[in-house]
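K.L.:
This structure is in structure tokens; I'll ask about it shortly.
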Amino acid sequence: MSQGAKNLENRYNAPFPHADDWTPTHHVNGFSFPQMPVVTAPPGKGIALMNWGLIPSWVRDEEQAVNMRSLTLNARSESAFEKPSFRKPILSERCLVPADGFFEWQTAGNSKIPWYITLTEEGIFSFGGIWDVWTLPGKDPLFTYSILTTDANPMMAEIHNSKKRMPLILSLEQEARWLNPSLPREEIAAMMTPFPESQMKAWTISRLITSRGADTNTPEIKKHFPGFHIPDKT
């Protein structure tokens, strides 16, 4: 088991049965639909490997599944209860998606400036996610997930200035409630709010992340690269 997998087990106090099938990463492209660790609800709470890009259980065939998953890397929290792809899992199949930071792009004229965003209390935190299982006759079940998004807080609105969105980040106190499959709809919705900017920090990074053919899965991808900087909030 890698140190990264052990860190996840310790952070969530949960077993990671297929840890040896996962290699920790510094950067992944969502459109490669990577298999990533997510934390699922009790009973049997544990860390499971699921593919990013939710395929609803009602999808009919592989062609529809391929088309669907490119549209479901994220799920807008405002419409999750109504969208056919999300309305079942948002009520009963929620998960935590571990992260230590994420990447976003700021529009500046014709340019895109890459940023790395994390929390002021550095370490593993949780995106709010939803998951589903899709099965075709004669094939193994495929477990997939999506990350919820919310309106951006002021800092993220300045960074992600084209869409003014951000991932749903849950506090430590919210994590157990998010995993509760019997949580009423009203309480689920109440948690889907922008994370406070006072608990986040961000910096510009190298354009290596957008270089075609470059290896972006390195620690260096997260390092500060001179550019406009939003100071740490106090």
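K.L.:
Take residue 31 and tell me if it is closer than 30 Å to residue 223 by Cα, part of a helix (DSSP H, G or I) and either of a type in the set (Phe, Trp, Tyr) or free of Cβ contacts under 8 Å to residues at least 24 places away in the same chain (or both). Before you say what the answer is, go through the steps one by one.
P.N.:
Numbers: closer than 30 Å to residue 223 by Cα: yes; part of a helix (DSSP H, G or I): yes; either of a type in the set (Phe, Trp, Tyr) or free of Cβ contacts under 8 Å to residues at least 24 places away in the same chain (or both): yes.
It is true that residue 31 is closer than 30 Å to residue 223 by Cα, part of a helix (DSSP H, G or I) and either of a type in the set (Phe, Trp, Tyr) or free of Cβ contacts under 8 Å to residues at least 24 places away in the same chain (or both).
K.L.:
Within the range 139-160, track down each residue that is under 21 Å from residue 52 (Cβ atoms) and not aliphatic (A, V, I, L, M).
P.N.:
Once the filter is applied, which keeps residues that are under 21 Å from residue 52 (Cβ atoms) and not aliphatic (A, V, I, L, M), the range 139-160 yields 139, 140, 141, 143, 144, 145, 146, 149, 150, 160.
K.L.:
Need pairs with beta-carbon distance below 6 Å; first residue farther than 13 Å from residue 90 by Cβ and within the range 170-198, second of a type in the set (Lys, Arg) and part of a loop (DSSP other than H, G, I, E, B); sequence gap 6+ or separate chains.
P.N.:
These pairs meet every condition: 197/233; 198/233.
K.L.:
Provide a single number: the residues in the range 177-208 that are surrounded by 14 or more Cβ atoms within 10 Å (Cβ to Cβ), assigned to a helix (DSSP H, G or I), modelled with pLDDT of 90 or more and aliphatic (A, V, I, L, M).
P.N.:
So the answer is 4.
K.L.:
Next question. Exactly one of (1) within 14 Å of residue 102 (Cβ to Cβ); (2) more than 16 Å from the chain's Cα centre (by Cα) is unmet by residue 152. Its number?
P.N.:
Result: residue 152 passes all but (2).
K.L.:
Which one is nearest to the chain's Cα centre (by Cα), of the residues in the range 12-28 that are part of a loop (DSSP other than H, G, I, E, B) and free of Cβ contacts under 8 Å to residues at least 24 places away in the same chain?
P.N.:
Among them, the one singled out is 24.
K.L.:
Name the single residue, out of those in the range 34-80 being among the hydroxyl-bearing types (Ser, Thr, Tyr) and more than 12 Å from the chain's Cα centre (by Cα), that is surrounded by the most Cβ atoms within 10 Å (Cβ to Cβ). Step through it out loud before you land on a result.
P.N.:
Step one: list which residues in the range 34-80 are among the hydroxyl-bearing types (Ser, Thr, Tyr), which gives 40, 57, 70, 72, 77, 79.
Those still in the list that are more than 12 Å from the chain's Cα centre (by Cα) too: 40, 57, 70, 77, 79.
Values: 40: 21, 57: 15, 70: 11, 77: 23, 79: 11.
The extreme case among them is 77.
K.L.:
Of all strands (runs of 3 or more DSSP E) completely enclosed by the range 91-165, which ones contain at least 3 residues that are β-branched (Val, Ile, Thr)?
P.N.:
Where strands (runs of 3 or more DSSP E) fall fully within the range 91-165 and carry at least 3 residues being β-branched (Val, Ile, Thr), they are 111-119, 142-151.
K.L.:
A further question on this structure: If you check residue 53 against the conditions, is it at positive phi and modelled with pLDDT of 95 or more?
P.N.:
Criteria met by residue 53.
K.L.:
Now for a separate question. Assess whether residue 75 counts as being part of a strand (DSSP E or B), in contact with a His (Cβ under 9 Å, 6 or more places away or on another chain) and of a type outside the set (S, T, N, Q).
P.N.:
Criteria not met by residue 75.
K.L.:
Is there any pair linking a residue in the range 133-147 that is under 17 Å from residue 63 (Cβ atoms) to one that is part of a strand (DSSP E or B) and of a type in the set (Asp, Glu), with Cβ under 8 Å and at least six apart or on different chains, and which?
P.N.:
Between residues of the range 133-147 that are under 17 Å from residue 63 (Cβ atoms) and residues that are part of a strand (DSSP E or B) and of a type in the set (Asp, Glu), the close pairs are 144/132.
K.L.:
Still on this structure, I have one more. Identify the residue in the range 209-227 that is farther than 17 Å from residue 29 by Cβ and modelled with pLDDT under 85 and, among all such residues, is surrounded by the most Cβ atoms within 10 Å (Cβ to Cβ).
P.N.:
227
The values are calculated or read from the model by the stated rules, or taken from the named source; none is laboratory data. Remember, it's a predicted structure, so these values are computed and weren't measured experimentally. No Cβ is skipped: glycine too gets one built from the backbone with ideal geometry, and neighbour counts run over all protein chains shown.
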